[in-house]
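As structure tokens, the structure follows; a few thoughts come after it.
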Amino acid sequence: MPANTDALSAYLERINHEATRELYQKDFLLTWQHSDAVLHSILETAAALRQMRDAGWGTRVFDNGLAVSLFRDNSTRTRFSFASAANLLGLAIQDLDETRSQIAHGETVRETANMISFLAEVIGIRDDIYLGAGHEYMREVGESLEEGYREGVLPQRTTVVNLQCDRDHPTQSLADLAHLREHFGGLEQLRGKKLAMSWAYSPSYGKPMSVPQGIIALLTRFGMEVTLAHPPGYNLIPEIEEIAGAGAAASGGSFRRSESMAEAFEDADIVYPKSWAPYAVMQKRTELLAAKDTAGLAELEQECLENNRRYLEWECNDELMRTTKGGTALYMHCLPADISGVSCSQGEVSAEVFERSRLATYREAGWKPYIIAALILLSRVEKPRVALERLAAQRYSRVVGSD
Amino acid sequence: MPANTDALSAYLERINHEATRELYQKDFLLTWQHSDAVLHSILETAAALRQMRDAGWGTRVFDNGLAVSLFRDNSTRTRFSFASAANLLGLAIQDLDETRSQIAHGETVRETANMISFLAEVIGIRDDIYLGAGHEYMREVGESLEEGYREGVLPQRTTVVNLQCDRDHPTQSLADLAHLREHFGGLEQLRGKKLAMSWAYSPSYGKPMSVPQGIIALLTRFGMEVTLAHPPGYNLIPEIEEIAGAGAAASGGSFRRSESMAEAFEDADIVYPKSWAPYAVMQKRTELLAAKDTAGLAELEQECLENNRRYLEWECNDELMRTTKGGTALYMHCLPADISGVSCSQGEVSAEVFERSRLATYREAGWKPYIIAALILLSRVEKPRVALERLAAQRYSRVVGSD
Amino acid sequence: MPANTDALSAYLERINHEATRELYQKDFLLTWQHSDAVLHSILETAAALRQMRDAGWGTRVFDNGLAVSLFRDNSTRTRFSFASAANLLGLAIQDLDETRSQIAHGETVRETANMISFLAEVIGIRDDIYLGAGHEYMREVGESLEEGYREGVLPQRTTVVNLQCDRDHPTQSLADLAHLREHFGGLEQLRGKKLAMSWAYSPSYGKPMSVPQGIIALLTRFGMEVTLAHPPGYNLIPEIEEIAGAGAAASGGSFRRSESMAEAFEDADIVYPKSWAPYAVMQKRTELLAAKDTAGLAELEQECLENNRRYLEWECNDELMRTTKGGTALYMHCLPADISGVSCSQGEVSAEVFERSRLATYREAGWKPYIIAALILLSRVEKPRVALERLAAQRYSRVVGSD
């Protein structure tokens, strides 16, 4: 596809030097720790990289360097997104293969963080199993890298990118935001749009809360009218619900809670139906895991699944979709979805609704590599816009002989 | 070693633009789905890449991009060949680490195929355990990628390269063909050459049929006189034996069956003695695996090993080799061979015969990275010959300071 | 950090053409197999690469090529050092994932060595579990590669770099030497310096002897006064103790043994307190492992841990450190250390001593990627100094837009 140079120039012009300086040499752990200007620059950078890649241009910002990945939970999608992002910029992936059972602390973390980072630009971490632990671990790694750089151990401030923790899933929520921007034709167009972030039934248990938390915390900042719907007891980390409320207040949007999927869907422009485990359950589960109480864990799971089954009707289906704005709300999902009659007998979404939106959810996911690449670039390169402008001026072909 | 520019020019000139267009954006699953012209161009491309690499020139066609590997069976050789091919062209390897027991279908395949391919050029798949499943799975992945590209999910038509399925092992058979071409001094020289593709005894059970199937289906197309020899009951997938017959008829060669290793070896120019499990056993095994019938599987294994032991004398040894053309037939094997007195007490080949041909079998294997690289290049680059000509004109050194 | 071009020029000038020719196309297995001139050139090459990297210059010597890693024992540090070194030079890492229990020999080794090396520059091997086996295995791989290259199987003499065997840990000892050179301001400054390589208590069992062996064999060659201290019975491989003695005699240094940590520490400029298993235990353990004598192994472990506990007082603490030269000896460790009250209740070093030296040990480790890169470069590039001078003349930026 030929380069849309006008669009590319516009993206590049909107990358804000002041904002990118804010992120340079910093970890990206939670969207709510960063200014609107930074978030805007991340979106513009992601869009610019995508334009250049789609146009067939090379995008190697780094001649060499490692991107370390540390997954404390299974992952295919995020693993490939991180690998793709690293490769797009010229970095090589090196996996840190920890035994998952053992969560290291203290000297081990400090030491390991430095030992793997002598020539590393970035460490991508997924750690979403233990409530209260994932984010703390990433902070600990970040502080160790900060010390290592300050004390001359590391030649660069290797940065941490959160690939999902117990609190936030910023590469997902930012990819979702990029998808919304593309779908509605601009961030300004999101103002006043109604989004239903709704719990949905799933025959599984213990799904992390980081996606709904990330969505409500991020999208309320763009003037959207966000409803968080879930059955009684399925609430999220209270502090993050507060952050969503504050974000809505500041942006002129709104944030409200509902105990009815139907109510949330009514007149919604966007629906995001997804299962998660309740906060109280995640707390209890974390305690039981720490105590290695196998019997207690099995009991908790039984209890939870039974409780879930009381809300079988929380399914995104045609009937509900008809109640949305014009009957055509945008369906979103972080994938994989639990599809009724496809991946389970009864799940988050009916087969008809999912099939209609299937390719759109793939496209939604397609933003993730570019969002991660933007986070790497902004946290590791002092003048990311200059770097991209340099590449855009060179316009060298990614594939020899294809120009 | 200095570049043989005359040879290189000849290889490049014989890469056929029309033929390569046929493979562009297409999967390479079975050799018999492709024209002779495509196969010739693959060989020329492989030879050209090898010339350039041996001459110390850089061969990076891609500035960045992923090559995904998915191995549903253990592999060292093919894994390294694929990794080498990807690296030769400038791609980075990313493994998809599926649990081997679980063969995903339907939405999971469609979704995963797209999720891993946003920035991937090629997916190399090895899936040879389940009869009837490996090829089907690759087709399913290919169709998912086709849809993803057509619908704008993927910026490129990521292609699939078959690294061994239940039906064919095209990177092996094409590497074998390249080896034969080199050994005999040209494809034309293969006309009329007698090849014995023979079953041989092994103390193991359940070896795939894809190598003998790939060999008889491919080599009959080059005017060779191919004999497939095996004990009663050890036949291959009938449809593929028919393909071999048709190929022989069209090329002016011949294809016949024999139940005697000695008969097949007589006056042979080339011998390829290798163990495999009979078609009927593989069918039964696939059913038992699907039914998770452990007792049945153990029983089947016992039965098979006993049956194998009836054919202990199917060993490629000096006595048999003396009956070949001039007593000096070319010995071929895909490796590792079961060598009598070395890797087992009694196996496919005697220690004397193997040792004499050992380095030749290594050289045979040495073509595989270049064959795979050629398949990637032809399926992913619209004008592969132009790309190689461009690189050949640049003649940049692969190693700084070595020119 | 801006380039220190004077320092860089000095490093490059001291890379000795004659010496590097000695290592070209050769394996690097044991430091004592190589001349002082080679070791000096390794240090200069490592320092030059570090200068260039720290200055933000690109260091890709290879346009493509594989670096194979084979770890028969768990490793994070060395794995990342090898990956970093490979990446620094432009090579891609490919892991060879052997099952650790099975030590292959004979044809399997010859064949595998060739099969993985068609496009590989280097194979890094860690194999330190079996006494008498690790070094032998590396030699076998090296000989197989030599044959493969000589016989035209491989287009290059892929080389082996020892990442730790039963005898030596050369990338560790050379990194330690680079650290000492930096700390004391030159190799000449090491002359006459007193180093205590001392056993220390650890609540674990079976730690390899390769680090103390590597240290005494290498550092005695630089005119240092090396004391090897350990409790009765904890001696190293006798042959290597002899090598240390000969090295000291040749260099004008000294090598002596002691059965007192306190004696070794007295007036020492450098202390290297580290646990290891006694030679006799490692021998017995190797026999038991070979015999798969689980009960015997458990008994040996019990016996050993009990024996260790007789030497609880072999801990590097403030009291001992006060007896060193000026009370400020340089503390060294290959990491991770067993720190009393931190990683175990009682260990090799007190928390106070370790914390004071913690960042210094990180910096010590920071040399390892550059030492490994130097070994790859010198064993694989005919004129490594010319290659580096070429890169230094180009001074291209490692990161686009950062110049």
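Among A:A329, A:A295, A:A290, which is the only one that is of a type in the set (A, V, I, L, M, F, W, C) and within 26 Å of the chain's Cα centre (by Cα)? If you could, list the steps in order and put the result at the bottom.
Numbers: A:A295 fails: within 26 Å of the chain's Cα centre (by Cα); A:A290 fails: within 26 Å of the chain's Cα centre (by Cα).
One residue alone meets the criteria, A:A329.
Given (1) within 14 Å of chain B (Cβ to nearest Cβ); (2) surrounded by fewer than 24 Cβ atoms within 10 Å (Cβ to Cβ), where does C:R356 come up short, assuming only one miss?
That leaves (1) as the condition not met.
Filter region B:20-31 down to residues that are assigned to a helix (DSSP H, G or I) and surrounded by 20 or more Cβ atoms within 10 Å (Cβ to Cβ), then give me how many there are. Walk me through it before giving the result.
Taking region B:20-31 as the starting set, the residues that turn out to be assigned to a helix (DSSP H, G or I) are B:20-23, B:31.
Applying the additional criterion that residues be surrounded by 20 or more Cβ atoms within 10 Å (Cβ to Cβ) yields B:20, B:23, B:31.
The total comes to 3.
Kindly establish whether A:V349 is modelled with pLDDT under 95 and either of a type in the set (V, I, T) or assigned by TED's automatic domain parsing to the domain that holds A:H17 (or both). Spell out the reasoning first.
Working: modelled with pLDDT under 95: no; either of a type in the set (V, I, T) or assigned by TED's automatic domain parsing to the domain that holds A:H17 (or both): yes.
So A:V349 does not fit the description; no.
Consider C:K194 against the criteria (1) over 27 Å from C:L320 (Cβ atoms); (2) of a type in the set (D, E, K, R); (3) surrounded by fewer than 24 Cβ atoms within 10 Å (Cβ to Cβ): it satisfies all of them except one. Which criterion is unmet?
Status for C:K194: all satisfied but (1).
Suppose we filter B:S35, B:S117, B:S41 for residues that are crowded, with 24+ Cβ neighbours inside 10 Å and under 26 Å from B:L180 (Cβ atoms); which single one remains?
B:S41
Kindly check whether there is at least one residue in region C:379-394 that is within 20 Å of the chain's Cα centre (by Cα), of a type outside the set (D, E), more than 9 Å from every other protein chain (Cβ to nearest Cβ) and over 30 Å from A:E111 (Cα atoms).
First pass over region C:379-394, keeping only residues within 20 Å of the chain's Cα centre (by Cα): C:379-380.
Cutting the leftovers down to of a type outside the set (D, E) gives us C:379-380.
Subsequent filtering for residues that are more than 9 Å from every other protein chain (Cβ to nearest Cβ) retains C:379.
Cutting the leftovers down to over 30 Å from A:E111 (Cα atoms) gives us C:379.
Scanning region C:379-394 turns up at least one residue that is within 20 Å of the chain's Cα centre (by Cα), of a type outside the set (D, E), more than 9 Å from every other protein chain (Cβ to nearest Cβ) and over 30 Å from A:E111 (Cα atoms).
Conditions first: (1) at negative phi; (2) more than 10 Å from chain B (Cβ to nearest Cβ). A:G65 passes all but one, so which condition is the exception?
Of (1) at negative phi; (2) more than 10 Å from chain B (Cβ to nearest Cβ), only one is false for A:G65: (1).
Go through region B:310-339 and give me each residue that's charged (D, E, K, R) and closer than 15 Å to B:E355 by Cβ.
Once the filter is applied, which keeps residues that are charged (D, E, K, R) and closer than 15 Å to B:E355 by Cβ, region B:310-339 yields B:E315, B:D318, B:D338.
Inspect all residues belonging to region A:264-276 and state whether any of them is within 22 Å of the chain's Cα centre (by Cα) and within 20 Å of A:A133 (Cβ to Cβ).
Within region A:264-276 (the criterion being within 22 Å of the chain's Cα centre (by Cα) and within 20 Å of A:A133 (Cβ to Cβ)), the answer is yes, since at least one residue qualifies.
Select, from B:T76, B:T45, B:T108, the only residue that is under 21 Å from the mean Cα position of the chain (by Cα) and at pLDDT below 90. Spell out how you get there, then give the answer.
Working: B:T45 fails: at pLDDT below 90; B:T108 fails: under 21 Å from the mean Cα position of the chain (by Cα).
Testing whether each residue is under 21 Å from the mean Cα position of the chain (by Cα) and at pLDDT below 90 leaves just B:T76.
Could you grab me the full set of residues in region C:362-403 that are closer than 19 Å to A:Q156 by Cα, among the acidic types (D, E) and not in a loop (DSSP other than H, G, I, E, B)?
Within region C:362-403, just C:E364 meets the criteria.
Hey, among the residues in region C:48-69 that are closer than 25 Å to B:F80 by Cβ and surrounded by fewer than 23 Cβ atoms within 10 Å (Cβ to Cβ), which one's nearest to the chain's Cα centre (by Cα)?
For region C:48-69, the residue satisfying everything is C:R60.
Counting just the residues of region A:327-353 that are assigned to a helix (DSSP H, G or I) and within 20 Å of A:A229 (Cβ to Cβ), which one comes out nearest to the other protein chains (Cβ to nearest Cβ)?
The qualifying residue nearest to the other protein chains (Cβ to nearest Cβ) is A:V353.
Answer yes if at least one residue in region B:71-80 is away from chain A (no Cβ under 14 Å), buried (at least 19 other Cβ atoms within 10 Å of the Cβ) and part of a strand (DSSP E or B), and no otherwise.
yes
How many residues does region C:127-140 contain that are closer than 21 Å to C:L23 by Cα and surrounded by fewer than 23 Cβ atoms within 10 Å (Cβ to Cβ)?
Number of matching residues: 5.
Restricting the search to region C:32-59, which residues are facing chain A (nearest Cβ under 9 Å) and either under 30 Å from C:A246 (Cα atoms) or without any contact (Cβ under 8 Å) to a residue 40 or more places away in the chain (or both)?
Matches in region C:32-59: none.
Among the listed residues A:L218, A:L187, identify the single one that is surrounded by fewer than 19 Cβ atoms within 10 Å (Cβ to Cβ) and either within 19 Å of the chain's Cα centre (by Cα) or in the same structural domain as A:F80 (by TED's automatic domain parsing) (or both).
Working: A:L218 fails: surrounded by fewer than 19 Cβ atoms within 10 Å (Cβ to Cβ).
Result: A:L187 is the single residue among A:L218, A:L187 that is surrounded by fewer than 19 Cβ atoms within 10 Å (Cβ to Cβ) and either within 19 Å of the chain's Cα centre (by Cα) or in the same structural domain as A:F80 (by TED's automatic domain parsing) (or both).
Please verify whether A:T361 is surrounded by fewer than 14 Cβ atoms within 10 Å (Cβ to Cβ) and β-branched (V, I, T), treating the condition exactly as stated. Can you show your working first?
Numbers: surrounded by fewer than 14 Cβ atoms within 10 Å (Cβ to Cβ): no; β-branched (V, I, T): yes.
Taking the combined requirement at face value, the residue does not satisfy it.
Which one of B:A85, B:A175 is closer than 28 Å to B:R398 by Cα, touching a Pro at 6+ places or on another chain (Cβ under 6 Å), outside any loop (DSSP other than H, G, I, E, B) and at pLDDT 95 or above?
Among B:A85, B:A175, only B:A85 is closer than 28 Å to B:R398 by Cα, touching a Pro at 6+ places or on another chain (Cβ under 6 Å), outside any loop (DSSP other than H, G, I, E, B) and at pLDDT 95 or above.
Within region C:228-237, is there a residue that is touching a residue at least 12 places away in the same chain (Cβ under 8 Å), surrounded by fewer than 24 Cβ atoms within 10 Å (Cβ to Cβ) and under 25 Å from C:E44 (Cα atoms)?
no
Take region B:298-327 and flag every residue that is of a type in the set (K, R) and loosely packed, with under 15 Cβ neighbours inside 10 Å. Write out each step before concluding.
The first filter runs over region B:298-327 and keeps only residues of a type in the set (K, R), leaving B:309-310, B:322, B:325.
Result: B:R309, B:R310, B:R322.
Taking the conditions exactly as written (out of contact with any strand residue (DSSP E or B) (no Cβ under 9 Å at 6 or more places or on another chain), of a type in the set (D, E) and under 22 Å from A:Q283 (Cβ atoms)), does A:E188 satisfy them or not?
no
The values are calculated or read from the model by the stated rules, or taken from the named source; none is laboratory data. Please read all numbers here as calculations on a predicted model, not as lab measurements. Every residue, glycine among them, receives a Cβ derived from its backbone with ideal geometry; neighbour counts consider all protein chains shown.
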